[in-house]
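Q: Have a look at this one before I ask anything.
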Amino acid sequence: MSFFDENLAPSVTQETDAALVSLGQRGCVCLYGETTSSASGNFAAIQCITDTVFNFLETIEGSGAASPFSVFVDESLTVPAGTIIYGRFTYVEVGGGDVAICYKA
């Protein structure tokens, strides 16, 4: 089964399918709460609703020091509200009071 066979709506082109996935066609998970909030899955994008500090941000390719996004694990980095981060993420954890939407791939 290919990436495009799993879409929920009929497609005109594969490019259209890819664009719709980035807009949340496959659903999403909202992270929010008084304490840390996390989600595991296969995510194509993360949108920061508030200024957001990521405790963990793991990619398909790896995590920790080997990950190209390991800098986001540094809690001194605040990602501004409204920012959308595209990639292939498997685990996301935000700090208390932060709100982010993880769009499923």
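Q: So, in nm, how far is label residue 55 from label residue 36 when the simple model puts each one 7 Å beyond its Cα toward the Cβ?
A: 0.3 nm
Q: From the backbone phi of the stretch 79-94, what are the Karplus-calculated ³J(HN,Hα) couplings (6.51 cos²θ - 1.76 cosθ + 1.60, θ = phi - 60°) in whole Hz, Gly and Pro given as x?
A: 8, x, 4, x, 6, 10, 9, 9, x, 10, 10, 10, 8, 10, 9, 10
Q: Listing 98, 51 from the residue with the fewest other Cβ atoms within 10 Å to the one with the most, what is the order? Don't skip to the end; give the middle numbers.
A: Working: 98 23, 51 14.
Lowest to highest Cβ neighbour count: 51, 98.
None of the figures in this text is laboratory data; all of them are computed from the coordinates on show. Model, not experiment: these values are computed from the prediction. Here the Cβ is made from the backbone with ideal geometry for all residues, glycine too, and neighbour counts use every protein chain on show.
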